[in-house]
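The values are calculated or read from the model by the stated rules, or taken from the named source; none is laboratory data. Everything quoted here is computed from the prediction, not taken from an experiment. Cβ placement follows ideal geometry from the backbone for every residue including glycine, while neighbour counts extend to all protein chains displayed. All accessible areas refer to the heavy atoms of the entire protein, side chains included, with ligands and DNA or RNA removed. Shrake-Rupley method; radii C 1.70, N 1.55, O 1.52, S 1.80 Å.
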Amino acid sequence: MSYYMFFHGTLGSGKSTCAKKLAKLLDAKRIDLDAVLKKNKLDHQASNSACISAYNFIKGLDLVIPLAKELLEEGKIVIFDGCLYHQEVLEYLQEKLSFPNYVFTFKASLEVCIERDKNREKTIGKGVAEEVYKLVKNNNFGILIDNDKKSIEEAIKEIVCYLPKSE
């Protein structure tokens, strides 16, 4: 059965780590929306705002939706991974990809997010972590995954409980 997932959450909440491991586990295709935005120079902030505009997110999605649609039509699973600021972007994706989907918002405290960022190969920094956290901490799209004290394996086990059983 084909479906897609969207993993959303603040920097350091565990979404990308879970997406990578879950993609391997489910033989799914992971689409790193943040990387798509960066590669296509769509990752700059909107004027008078500390976040990327919904318009830029949608332009980024338009670049990857054809691939996602092709994979889904072939019966594959697709995982979108990104720090989403705008609900209308998620709604746009759901409108363009009329396949079953599961949206997960990863939650973690600011302190945990900053600590996890420190342990990355390429850190983002405390200031950016705080800014992003303020912007997305109240976004509660779909199913909430409280990833503050969970291991990645525990988070993946929780996510899998919401997914259809493989045939």
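Points worth noting:
- Positive minus negative residues near CYS83 (Lys, Arg vs Asp, Glu; Cβ under 10 Å): -1
- The gain in end-to-end length when the LYS41 to VAL160 segment is fully stretched comes to 39.5 nm, 0.36 nm per residue minus the alpha carbon separation.
- Computed helical MRE - 222 nm, the chain, DSSP H runs ≥ 4 contributing -39500 (n - 2.57), nearest 500: -14500 deg cm²/dmol
- For region 74-118, average projected area of the Cα convex hull in nm²: 4.4
- In this structure, the residue pairs whose Cα-Cα separation is over 22 Å, taken from LYS21/LYS122; LYS96/LYS122; LYS29/LYS149, are LYS96/LYS122; LYS29/LYS149.
- Think of a 1.4 Å ball rolled over the protein heavy atoms: region 29-98 then has 53 Å² of accessible area per residue.
- Region 20-113: relative contact order in percent, alpha carbon pairs under 8 Å with at least 6 residues between: 31
- Qualifying trypsin sites (Lys or Arg not before Pro) in region 42-138, where qualification requires a DSSP coil assignment and no more than 13 other C-beta atoms within 10 Å, comprise ARG120, LYS122.
- Distance between the C-alpha centres of region 24-73 and region 78-108: 10 Å, rounded to the whole angstrom.
- Site pair GLN87 and MET1 shows an inter-label distance of 2.7 nm when each label is modelled 7 Å from Cα along Cα→Cβ.
- Accessible-area composition of the chain, carbon plus sulfur, in percent [1.4 Å probe]: 50
- For region 22-158, DSSP calls about 10 percent of its internal beta bridges antiparallel.
- R0 of 41 Å, Cβ-Cβ distance GLU111-GLU73: FRET efficiency to nearest 0.05: 0.45
- Summing charges over all other residues whose Cβ lies under 10 Å from the Cβ of ASP146, with Lys and Arg as +1 and Asp and Glu as -1, gives +1.
- Identified option (computed Kirkwood radius over Cα pairs in Å; candidates [x] 17.3; [y] 15.4; [z] 16.1): [z]
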